[in-house]
2 protein chains.
Amino acid sequence: MDWNTEITKASERISSHIQKTPVLSCTGFGLDFPIQLKLEQVQHTGSFKARGAFNTLLSHDVPEAGLVAASGGNHGAAVAYAAHQLGHRARIYVPEMAGPAKISLIRNSGADLQVVPGAYANAMEQAQAYEAETGAMQVHAYDAPATVAGQGTCFAEWQAQGLEADTLMIAVGGGGLVAGALAWFQRAKKIIAVEPETSCALHAALKEGSPVDVEVSGVAANALGAKRIGQICFDHAREQDITSLTVSDAAITSAQAALWRERRLLVEPAGATALAALTSGAYRPAEGERVAVLLCGGNIAPDPLA
Amino acid sequence: MDWNTEITKASERISSHIQKTPVLSCTGFGLDFPIQLKLEQVQHTGSFKARGAFNTLLSHDVPEAGLVAASGGNHGAAVAYAAHQLGHRARIYVPEMAGPAKISLIRNSGADLQVVPGAYANAMEQAQAYEAETGAMQVHAYDAPATVAGQGTCFAEWQAQGLEADTLMIAVGGGGLVAGALAWFQRAKKIIAVEPETSCALHAALKEGSPVDVEVSGVAANALGAKRIGQICFDHAREQDITSLTVSDAAITSAQAALWRERRLLVEPAGATALAALTSGAYRPAEGERVAVLLCGGNIAPDPLA
């Protein structure tokens with residue numbers, strides 16, 4: 001697949017539907033080097049997922065039965081929003097662990113929401129059954145070319161905004177976002193994949209030599225808790241021999257607190273996971289290495305203004 | 001005074017000490033036109049006040065007795081932070097109404113903090129007494145040329161970032177920020193001054209023909225609750241015959257909620273006050289008029305991550 005062409009086409013396709021997200025260069029967080037942040041949490045529905053959702057819907061013929069998706073929350077919210085904007089029906093399956101913020105986000109979009117006991121994998125089972133039964137189109141959260149190309153637009157956009165970095169820190173759940181980065185940059189940047197110790201499907205897959213099932217838990221599990229890494233992500237990661245790191249829940253919540261305390265940026269734990277690899281010292285850049293960090297989501301609970 | 005020169009000098013003086021803040025263009029908030037936002041709440045200490053504080057400290061000889069300031073909270077936090085960064089002592093007087101977020105921000109900066117019963121004016125009395133007694137240098141929150149020139153750097157920066165707007169919406173408390181805008185743009189942009197109905201010192205002054213004392217209360221009072229508009233601001237506002245509007249507390253909290261719900265930007269009520277003039281319909285731009293909104297502060301209480 002010619003990923004550069006796919007991502008460039010995706011950028012054109014979705015440009016009028018997505019929010020171009022700001023970047024800022026800053027110091028702080030206890031680091032002795034500056035970093036550049038991209039504030040993707042200000043994207044529609046509070047995460048990068050809107051990119052993949054719009055790209056999928058706009059590059060396929062959506063059947064009368066509409067759309068179906070399984071999601072830890074952010075993908076479901078994105079599909080529900082994109083479906084509403086484009087006039088399609090959507091049924092979204094989320095696990096209970098999605099939490100009240102994400103569940104209410106999806107409910108408010110007008111989608112047909114189904115809350116499923118258990119974890120992401122259980123929601124996915126039901127979504128697949130619904131797809132088979134109704135002919136609704138499945139919008140995969142991370143392991144589909146249109147999803148990956150959509151997430152890749154985030155990096156095409158960042159590059160056009162003048163990204164000056166040698167190294168990008170990216171949080172990984174099912175791997176759609178980091179696959180988009182690997183597909184876009186094709187070794188032009190060093191990509192550091194960061195996962196929670198308690199939800200590290202990519203890390204485990206790279207260690208085992210192929211995708212394997214992992215247990216998922218922890219503070220970022222409702223966003224990063226994929227049981228098995230996507231094949232597209234795994235193939236890119238293995239081919240490019242990327243650096244895969246894990247961070248503790250304590251490191252994640254500490255980075256999340258620092259983003260609020262020092263920059264008034266309020267993100268969910270997943271949104272602070274990439275930064276946590278720097279603030280915890282899990283990744284130490286070389287002298288002069290320019291580092292950029294993607295803040296990927298901001299759907300915290302409870303509502304901070306409630 | 002040659003404000004263009006003063007603000008340009010201030011920009012150079014403070015550039016290594018302040019955070020360049022991002023801008024984003026977006027739609028939403030129930031508006032049928034796009035707006036450009038500048039996210040000044042990500043500034044050091046969570047508001048634009050750091051600009052005026054650094055400019056004041058860096059353009060004066062600070063006495064051995066150090067600095068003194070009275071503040072509703074944000075200015076005090078900025079002076080405390082700048083003093084700490086530059087190695088000066090600082091005593092900060094805040095009224096109880098500053099609230100726990102701002103009081104803890106100042107306390108954590110290492111300043112000598114004095115919490116005073118009553119409102120801003122009471123804190124100011126004590127700050128003046130301390131100045132007279134010790135020879136400490138008073139850093140005025142809004143009505144001093146170095147403060148106004150410092151706040152003006154926000155607009156010089158925005159212009160250099162490619163501001164494309166006919167009209168700027170700016171919240172007003174004591175008037176330092178809007179004076180900086182008026183001093184910088186000198187009629188090149190239409191400036192809309194927005195105040196809470198319950199704290200509207202500029203609005204009252206323009207009506208009366210000179211600064212007058214007003215009562216202050218409401219959700220944004222700990223940031224915008226100046227009892228009397230600064231003379232520098234008043235002179236600029238009268239000379240340029242600016243538009244002065246007021247908004248209700250309900251309009252402010254509604255705009256604040258919309259910023260979080262739609263863009264995951266969490267600001268304090270004062271930070272949403274300028275936007276509230278648009279979302280409430282208090283200001284309706286003409287067809288094709290390009291509107292920009294400054295988000296000026298993000299120090300909400302309670303801590304959203306507590």
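Bear in mind these aren't lab numbers, they're just calculated from the coordinates by the rules spelled out. Small disclaimer: the values here were computed from a predicted structure and weren't measured. Counting neighbours? That spans all protein chains shown, and the Cβs are built from the backbone with ideal geometry, glycine included.
Here are the numbers for this structure:
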item	result
Potential lengthening between B:Glu239 and B:Lys20 on full extension [0.36 nm per residue; Cα-Cα distance subtracted]	75.8 nm
Peptide B:16-29 - average C-beta neighbours from other chains (10 Å radius)	3
Inter-chain shielding of B:289-298 (mean C-beta neighbours from other protein chains, 10 Å cut-off)	1
For the range A:132-216, the fraction of alpha-carbon pairs in successive 5 Å shells from zero, as %	3, 14, 20, 21, 17, 12, 7, 3, 1, 0
P(r), alpha carbons of the protein assembly as shown - 10 Å bins starting at zero, rounded %	3, 17, 27, 24, 16, 9, 3, 0, 0
Partners for B:Lys227 among lysines (Cα-Cα distance below 22 Å; same-chain residues under 8 apart left out)	B:Lys49, B:Lys102, B:Lys207
Whole-angstrom gap from the range B:26-83 to the range B:113-129, using each part's C-alpha centre	20
Modelled FRET efficiency - R0 22 Å, B:Met1 with B:Asp61, Cβ distances, 0.05 increments	0.60
The protein assembly as shown - share of DSSP beta bridges that are antiparallel (%, nearest 5)	15
Amide H contacts under 5 Å for A:Val116, placed H, 5+ residues apart	A:Val94, A:Glu96
Spherically averaged projected area of the range A:19-71 from its Cα convex hull (nm²)	5.4
Over chain B: helical MRE at 222 nm, DSSP H runs n ≥ 4 each giving -39500 (n - 2.57), nearest 500	-13500 deg cm²/dmol
Teacher prompt: B:Pro63 distances to equivalent labels in other copies, 7 Å Cα→Cβ, nm	8.1
GluC sites (Glu not before Pro) restricted to DSSP loop in the range B:226-301 with at most 16 other C-beta within 10 Å	B:Glu287, B:Glu289
Gaussian network model of chain B, springs between alpha carbon atoms under 10 Å - residue of B:Val216, B:Val148, B:Val62 with greatest fluctuation	B:Val62
Proximal aspartates and glutamates relative to B:Lys189, as straight alpha-carbon distance under 20 Å, when same-chain residues fewer than 8 apart are discounted	B:Asp2, B:Glu6, B:Glu40, B:Glu157, B:Glu164, B:Asp166, B:Asp235, B:Glu239, B:Asp241, B:Glu287, B:Glu289
Karplus 3J(HN,Hα) series, Hz, for the range B:210-215 with 6.51 cos²θ - 1.76 cosθ + 1.60 (x for Gly, Pro)	6, x, 9, 6, 10, 7
Bins of 10 Å, starting at 0 and running to the largest distance - Cα pair percent for the range A:49-138	21, 55, 23, 1
Residues whose placed amide H lies under 5 Å from that of B:Thr246, excluding near-sequence neighbours	B:Glu195
B:Ser248 versus A:Glu96: modelled label distance in nm, points set 7 Å from Cα along the beta carbon direction	4.2
Isotropic mean projected area of the C-alpha convex hull, chain A (nm²)	14.2
